[in-house]
Amino acid sequence: QKVLVELKITFSQCSKNERNYKTTSRKYMRSPLSPEMATQEVQLNETLAHLKTESENLKSKLEEERAKLHDVELHQVAEKVEGLGQFIMKTRRTLKGHGNKVLCMDWCKDKRRIVSSSQDGKVIVWDAFTTNKEHAVTMPCTWVMACAYAPSGCAVACGGLDNKCSVYPLSLDKNENLAAKKKSVAMHTNYLSACSFTNSDMQILTSSGDGTCALWDVESGQLLQSFHGHAADVLCLDLAPSETGNTFVSGGCDKKANVWDMRSGQCIQSFETHESDINSVRYYPSGDAFASGSDDATCRLYDLRADREVAIYSKESIIFGVSSVDFSLSGRLLFGGYNDYTINVWDVLKGTRVSILFGHENRVSTLRVSPDGTAFCTGSWDHTLRIWA
Amino acid sequence: ISNNMTSSSNLSNMRRLVEQLKLEASVERIKVSQAAAELQQYCLQNAGKDALLVGVPTGSNPFREPRSCAVV
């Protein structure tokens with residue numbers, strides 16, 4: 001009896017051959033080692049091998065096509081550009097208040113407010129000019145790895161080990177309990193690694209340790225689109241600047257950076273040149289390229305129209321991973337926060353390091369340039385945030 | 001028996017992978033020289049507005065001002 005049931009289940013999985021087996025299944029149910037089954041298995045294995053060869057061929061073809069257009073290096077094109085002078089960037093504000101590692105931060109569009117989240121479960125909204133705390137929320141979980149400010153400035157989103165992304169409307173009344181108005185929007189099956197509102201308060205894009213990204217409607221909590229393709233945890237994402245259309249880039253533990261079409265859910269381009277986890281991805285301000293930061297201690301620049309990596313920002317002396325990257329307003333400077341507590345500033349065009357900034361007393365875990373490019377903020381495992389200008 | 005089950009899910013995964021690779025291979029590409037020139041042009045065109053790059057007139061970067069002067 002048990003054998004018959006097992007055979008039935010097996011046959012129904014092979015949908016391609018279902019028609020063949022439905023009529024003959026009774027006859028062959030008695031013998032598990034039927035000649036038909038053996039033939040079937042051989043056929044499947046042959047098709048599998050054939051597909052494997054095809055995929056290998058396609059991969060080589062992809063590399064060939066990309067290499068054909070690799071006629072010059074970015075830094076060679078930029079040889080005639082004037083070099084950058086000395087940079088004087090210092091810590092201008094230090095935001096103290098978190099009880100544990102700062103994991104994530106985001107700027108408000110008003111260029112002065114900041115939201116930050118920490119391992120201690122707290123999410124704090126600060127006025128970066130005065131360093132005053134304006135709001136604080138305690139999440140029901142620790143390790144709040146993601147937080148984002150809504151475009152309107154009226155809400156913040158956050159999540160982490162709770163596998164969710166929740167939205168908190170910010171009240172003008174400082175005494176009001178923010179936690180009471182909490183709205184659960186996204187549900188993943190593993191930790192939330194990053195979140196971002198799209199160009200309105202109505203939709204949120206999330207990435208997760210479950211290997212997927214997803215787009216959600218904030219009001220209803222409905223899943224609008226899911227993005228499958230990463231082979232491991234997705235650690236970061238960034239939306240293309242609004243002028244360039246509906247795409248976003250994600251990076252993960254599979255060492256891949258994928259560019260996605262938000263409407264179709266399709267992965268349209270994929271880049272795999274890093275040698276370890278990609279912790280951060282950020283679009284170049286024009287939208288034609290993006291930078292990535294990885295545990296392999298390098299930052300890289302990928303041009304979307306050339307469909308390849310066009311620069312690597314690295315030095316033999318830099319051996320610790322990059323946790324977070326962002327561009328200055330014109331895209332000429334790339335700021336990288338590193339696990340060796342420093343910030344390295346790179347000349348994007350020439351590929352050289354122009355400055356190294358010290359100040360944090362532990363890993364830099366998050367870094368964002370302000371919306372008008374006048375400053376950048378870093379968050380660290382030393383429990384503080386710093387504003388640099 | 002179980003070989004058949006894993007084979008057929010491997011099969012659909014492989015089919016998906018081949019379709020994805022075909023899509024990626026068909027992307028239209030431009031030469032790196034052209035792409036690089038355009039990235040450079042964007043940088044140079046916007047350099048003037050980039051406060052972290054060129055600095056701004058004293059007094060107009062709110063973070064560089066001393067905190068005692070709070071502008072309300």
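The values are calculated or read from the model by the stated rules, or taken from the named source; none is laboratory data. Since the structure is predicted, the reported quantities are computational estimates derived from the model, not experimental observations. When we count neighbours, we look across all protein chains shown, and the Cβ atoms used for this are built from the backbone with ideal geometry, even at glycine. The area values use the complete protein model at the heavy-atom level, side chains included, leaving out ligands, DNA and RNA. Shrake-Rupley method; radii C 1.70, N 1.55, O 1.52, S 1.80 Å.
Remarks
- More than 37 angstrom apart: percent of Cα pairs within the protein assembly as shown: 33
- Once A binds B, the 1.4 Å probe can no longer reach about 5400 Å² of accessible area, counting both sides.
- Among the residues of B:50-60, the average count of other protein chain beta-carbon atoms within 10 Å of the residue beta-carbon is 6.
- With all protein chains modelled, accessible area of residue A:243 [1.4 Å, Å²]: 150
- Sum of side-chain charges, residue A:310 neighbourhood, beta-carbon under 9 Å (Lys, Arg +1; Asp, Glu -1): -1
- Taken about its Cα centre, the protein assembly as shown carries a charge dipole of roughly 860 debye when the Cβ of each Lys and Arg holds +1 and the Cβ of each Asp and Glu holds -1.
- Accessible heavy-atom area order of A:89, A:202, highest first, probe of 1.4 Å: A:202, A:89
- Stokes-Einstein diffusion for the range A:137-180, with the hydrodynamic radius set to the Kirkwood value over Cα pairs and evaluated at 10 °C in a medium of 1.306 mPa s, equals 144 µm²/s.
- Counting all C-alpha pairs of the range A:229-358, share separated by more than 17 Å (%): 53
- The label-point distance for residue A:88 and residue A:50, in a model that sets each label 7 Å from Cα toward Cβ, rounds to 7.1 nm.
- Residue A:216 accessible area, 1.4 Å probe, all protein chains in place, Å² to nearest 10: 20
- Counting Cβ atoms of other protein chains within 10 Å of each Cβ in A:264-270 and taking the mean gives 2.
- The range A:248-291: trypsin sites (Lys or Arg not before Pro) in DSSP loop, at most 14 other beta carbons within 10 Å: A:263
- Ranked by how many other beta carbons lie within 10 Å on average, peptides B:44-51, A:287-294 from highest: A:287-294, B:44-51
- Dividing the Cα radius of gyration of the range B:2-49 by 2.2 N^0.38 Å, with N the residue count, gives 2.23.
- The range B:2-49, accessible surface, carbon-and-sulfur percent (1.4 angstrom probe): 50
- Cleavage-rule hits (trypsin sites (Lys or Arg not before Pro)) in the range A:144-253: DSSP loop, at most 10 neighbouring Cβ within 10 angstrom: A:174
- Calculated FRET efficiency for the pair residue A:100/residue A:34, C-beta based, R₀ 56 Å, to 0.05: 0.35
- Net +/- balance of residues flanking residue A:65 in space, Cβ distance below 13 Å, scoring K and R +1, D and E -1: +3
- Over 28 Å between alpha carbons, listed pairs A:133/A:182; A:80/B:22; A:52/B:31; A:111/A:182; A:90/A:183: A:80/B:22; A:52/B:31; A:90/A:183
- Helices in chain A, meaning DSSP H runs of at least 4 residues, each add -39500 (n - 2.57). Divided by all residues, the mean residue ellipticity at 222 nm is -5000 deg cm²/dmol.
- Per residue, the range A:54-169 exposes 45 Å² of solvent-accessible protein surface, assessed with a 1.4 angstrom probe and all protein chains in place.
- Counted charge near residue A:361, where neighbours are those whose Cβ lies closer than 13 Å (Asp, Glu -1; Lys, Arg +1): +2
- The range B:2-49 - accessible surface per residue (Å², probe 1.4 Å): 57
- Heavy atoms of residue A:188 accessible to a 1.4 Å probe, total area in Å² rounded to 10: 20
- Share of carbon and sulfur in the accessible heavy-atom surface of chain A [1.4 Å probe, %]: 49
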